[in-house]
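Accompanying notes for the structure given below.
The values are calculated or read from the model by the stated rules, or taken from the named source; none is laboratory data. Note that this is a predicted model, so its numbers are computed, not measured. Counting neighbours? That spans all protein chains shown, and the Cβs are built from the backbone with ideal geometry, glycine included. The protein model used for the area step is the full one, side chains on, heavy atoms only, and it has no ligands, DNA or RNA in it. Shrake-Rupley method; radii C 1.70, N 1.55, O 1.52, S 1.80 Å.
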Amino acid sequence: MTVASPASAPQPKAAPDAPVLAEVVRSGFAESRHRGSLVTLDADGRVDWALGEVAAPFFPRSSNKPMQAAAVLRSGLELSGARLALAAGSHVGAEIHQQLAGRMLADHGLAEAALRCPESAPAFGAGPGPRGRLAMNCSGKHASWLAASVVNEWPVASYLDAAHPLQRLIRETVLGLSGERETALGVDGCGAPLQALSLTGLARAFRAAVVADPGEPARRVADAMRAHPEYVAGEGQLDTLLMRQVPGLLAKGGAEGVQAVALADGRAFAFKIEDGSGRARNAITARVLAALGVETSVVPVVPVLGGGAPVGEIRAAF
């Protein structure tokens, strides 16, 4: 399938059709609102609750990474532990992240120059460091894709091409875990091919990972992420905090206001903030987890500041 052009890509509905998921409250006054869509699944994978449009295709961005990492395992690359967590993660570019991504390349005779993701500086709070491809939040994923290409004797320079054998396997894996057909193929921020899914399909893919039999590729990815959450995101990041504090929980956010979560019992949820802002992600996640009976004190409250002091908060509106 060719990359979707603006004319051919599925178009989102207008903002007024989406319900308000969160609001920004300053001094008791709701000054901003974030609309979006949300779906929750019960332990059997049935839609339990839906707000907004949960069946239309959208780009999950980095929330697709756990499925992409499962495809890497299916390719025959032997990856486990922190390396597998990093392959499924969106790290902040801290020293531990860059060093491990570099070792993943070196293990297969590759250097940083082989990466085709853009250069980046470490994220704010990750510590000082120069710009480089290893600092880019997708470098672990790209390193694993290069390693899989070397192991299988596939072309290395073209590992991001949609027709590459690994990309074809990724497509098959993402669609298989989500239970959906391909509706659009885009290009992610890191330059990688990106399958569109519905929110329901994304939630089902996360559920599939946690309920899969031990040893299955998707389950191996989920287990690695939960065992090494510091390599999935980084200190202070929502995904890392959730997986560190809630036993059996799997979480992976994506750019443009996307979040997917699955609990150990198979319940799952996913949401997309329509304006792409990520600032309401914590509040929405905490509200859904509370509705599912999960302790949410681990989720940091994002304050609204006035003169450097808290004068409000970002809160869920459903």
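If you check E23, E53, E31, which single one turns out to be within 27 Å of P193 (Cα to Cα) and charged (D, E, K, R)? Being within 27 Å of P193 (Cα to Cα) and charged (D, E, K, R) holds for just one of E23, E53, E31, which is E53. For segment 294-317, filtered to residues that are more than 23 Å from the chain's Cα centre (by Cα) and not in a strand (DSSP E or B), the residue that is nearest to V47 (Cα to Cα) is A317. Mind listing whichever residues of segment 119-157 are free of Cβ contacts under 8 Å to residues at least 24 places away in the same chain and not in a loop (DSSP other than H, G, I, E, B)? Of everything in segment 119-157, just one residue is free of Cβ contacts under 8 Å to residues at least 24 places away in the same chain and not in a loop (DSSP other than H, G, I, E, B), namely S149. Only one of the numbered conditions (1) touching a Gly at 6+ places or on another chain (Cβ under 7 Å); (2) touching a residue at least 40 places away in the same chain (Cβ under 8 Å); (3) not polar (S, T, N, Q) is violated by R35, and that is (1). Given the structure, is V294 over 18 Å from G236 (Cα atoms), touching a Phe, Trp or Tyr at 6+ places or on another chain (Cβ under 8 Å) and among the β-branched types (V, I, T)? No: the conditions fail for V294. For segment 158-175, taking the residues that are in a loop (DSSP other than H, G, I, E, B) and free of Cβ contacts under 8 Å to residues at least 40 places away in the same chain, the one that is nearest to C190 (Cα to Cα) is identified as D161.
With respect to S139, determine if the residue is in contact with a strand residue (DSSP E or B) (Cβ under 6 Å, 6 or more places away or on another chain) and of a type outside the set (K, R). Here the answer is no, as S139 does not meet what is asked. For segment 83-121, the set of residues classified as among the aliphatic types (A, V, I, L, M), open to solvent by 50 Å² or more (accessible area, probe 1.4 Å) and under 22 Å from S158 (Cα atoms) consists of A106, A111, A113, listed by residue number.
When the residues of segment 193-214 are filtered to those that are in contact (Cβ under 8 Å) with a residue 60 or more places away in the chain and part of a loop (DSSP other than H, G, I, E, B), the one that is farthest from D44 (Cα to Cα) is A196. Looking across S62, S32, S27, one residue alone is polar (S, T, N, Q), within 23 Å of the chain's Cα centre (by Cα) and at pLDDT 95 or above. It is S62. Within 27 Å of A162 (Cβ to Cβ), touching a residue at least 24 places away in the same chain (Cβ under 8 Å) and in contact with a Pro (Cβ under 8 Å, 6 or more places away or on another chain), is that true of S178? In short, no.
Note on segment 223-264: among residues that are of a type in the set (G, A, S) and over 21 Å from S139 (Cβ atoms), the one that is most open to solvent (accessible area, probe 1.4 Å) is A264.
This table checks each residue for (1) open to solvent by 30 Å² or more (accessible area, probe 1.4 Å); (2) farther than 29 Å from A55 by Cα; (3) touching a Ser or Thr at 6+ places or on another chain (Cβ under 6 Å); (4) basic (K, R).
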{"position": "G132", "(1), (2), (3), (4)": "no, yes, no, no"}
{"position": "L146", "(1), (2), (3), (4)": "no, yes, no, no"}
{"position": "E153", "(1), (2), (3), (4)": "yes, yes, no, no"}
{"position": "R171", "(1), (2), (3), (4)": "yes, no, no, yes"}
{"position": "L185", "(1), (2), (3), (4)": "no, no, no, no"}
{"position": "P193", "(1), (2), (3), (4)": "no, no, no, no"}
{"position": "F206", "(1), (2), (3), (4)": "no, no, no, no"}
{"position": "V210", "(1), (2), (3), (4)": "no, no, no, no"}
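Residues in segment 276-310 that are exposed (fewer than 15 other Cβ atoms within 10 Å of the Cβ) and either without any contact (Cβ under 8 Å) to a residue 12 or more places away in the chain or touching a His at 6+ places or on another chain (Cβ under 6 Å) (or both): A290, G293, S297, P303, L305, G307, G308, A309, P310.
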